[in-house]
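What follows draws every value from the coordinates through simple rules; no lab data is involved. Please read all numbers here as calculations on a predicted model, not as lab measurements. A quick note on method: Cβ atoms are made from the backbone with ideal geometry, for glycine too, and the neighbour counts reach across all protein chains shown.
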Amino acid sequence: MIAKITKGSSFRGVVNYILDKEKDAKILVCDGLFAEDKDTIAMSFEAQSKMNPKVTKFVGHISLAFSKEDEHRLTDRAMVGIALEYLKEMGINDTQVLIVRHFDKEHPHVHIAFNRIANNGRTISDRNERIRSARICKEMTRKYNLYFASGKERVKQHRLKEPNKTKYGLYSILKSEVSRCGNWNILAANLKKQGVEMRFKYKGKSDEVQGVVFTMNGYSFSGSKIDRRFSFSKINAALDNNRRNERQGIIASPHREEQSMLPSESRGNNDLFIGSIGLFTSDNTDGQAEENRFEEELKRRNKKKKQRKIGF
């Protein structure tokens, strides 16, 4: 879950963008607004903003984006609940709000327009809003066990140039194959079908394996250079674990297992304001472990950066 916050002085502009037909827009919440059409919505916002003429940036616009991995879970009701909880945690309340879901991109996302001039004329604070927003997004991602993409998964591979394009292609292939293979031979065979050659590096003239190298599109990378989890020792441990699971009758899956976190929805209930808090259960053991690994990786990288700066 990622939030992008912007401010402005034209409600007409943000309303026209959010409700653009080309975005395949769907209104989920329209609170405190005269919602006959785009013009009446914009005029409702503008009328209230005049209660505090000293504020020049009275337009609030937030986009909440989620991973495609969570698309099957993010119903309209769930998206509304998350958006309203986010606004509450940000201190954005007692004001006009428009929440619209867009379907023009592969990942689920909603746009929120709100009036920074509240219903009683007070100004909704924007102090440290980006810092607070980052913390709240992180907490809600953990709370609802939303997918937490690694740094490499956020990379736009179609924009990369060689050899990085091949490197990230190898990352995606290995991420899928290592999680479901039971030994090196099967892994090598599956990789070969996808145009990837694999070879071992040996220590000196001995038979002791020191590393593994993957080659695709004429470019070669050691496993650890693609990602630390793909060093020889870590792949070997993952393959052993897959083999043990298979013996115990557990089928390894390349996809993250997750419990259903949505409550049953009664048919015909279109009140999207009801049940905005507590849409999911808060049992998040797997998500917490993933978050801990993410935190450890960040600390490790920051430590390295500090060491470089002081000359270590």
Highest mean packing first, using Cβ neighbours within 10 angstrom, the peptides 227-238, 123-134 sort as 227-238, 123-134
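Peptides 91-98, 5-12, 201-208: what's the order by average Cβ count within 10 Å, highest mean first? Write down the numbers at each step before the final one.
Values: 91-98: 18.6, 5-12: 15.2, 201-208: 9.0.
Ranking, from highest mean packing down: 91-98, 5-12, 201-208.
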Here the convex hull volume per residue of segment 152-247, taken over Cα atoms and given in Å³, is 102
Most packed first (mean Cβ within 10 Å per residue), the peptides 137-144, 57-64 order as 57-64, 137-144
Scalar couplings 3J(HN,Hα) for segment 160-168 by Karplus 6.51 cos²θ - 1.76 cosθ + 1.60 (θ = phi - 60°), nearest whole Hz, x for Gly and Pro, are 7, 10, 5, x, 5, 4, 5, 4, 6
The size of the Cβ-based charge dipole (Lys, Arg +1; Asp, Glu -1) of segment 152-247 about the Cα centre, to the nearest 20 debye, is 360
With x for Gly and Pro, the residue-by-residue ³J(HN,Hα) of segment 127-139, computed from phi through the Karplus equation 6.51 cos²θ - 1.76 cosθ + 1.60 at θ = phi - 60° and given in whole Hz, is 5, 6, 5, 6, 5, 5, 5, 4, 5, 5, 4, 5, 5
Among Lys4/Lys175; Lys21/Lys68; Lys26/Lys175, the pairs whose Cα-Cα distance exceeds 27 Å are Lys4/Lys175; Lys26/Lys175
Given pairs Lys7/Lys143; Lys165/Lys234; Lys105/Lys201; Lys57/Lys105 and cut-off 31 Å on Cα-Cα distance, the over-length ones are Lys105/Lys201
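Quick one: net charge of Ser9's neighbours, Cβ under 11 Å, K/R +1, D/E -1?
+3
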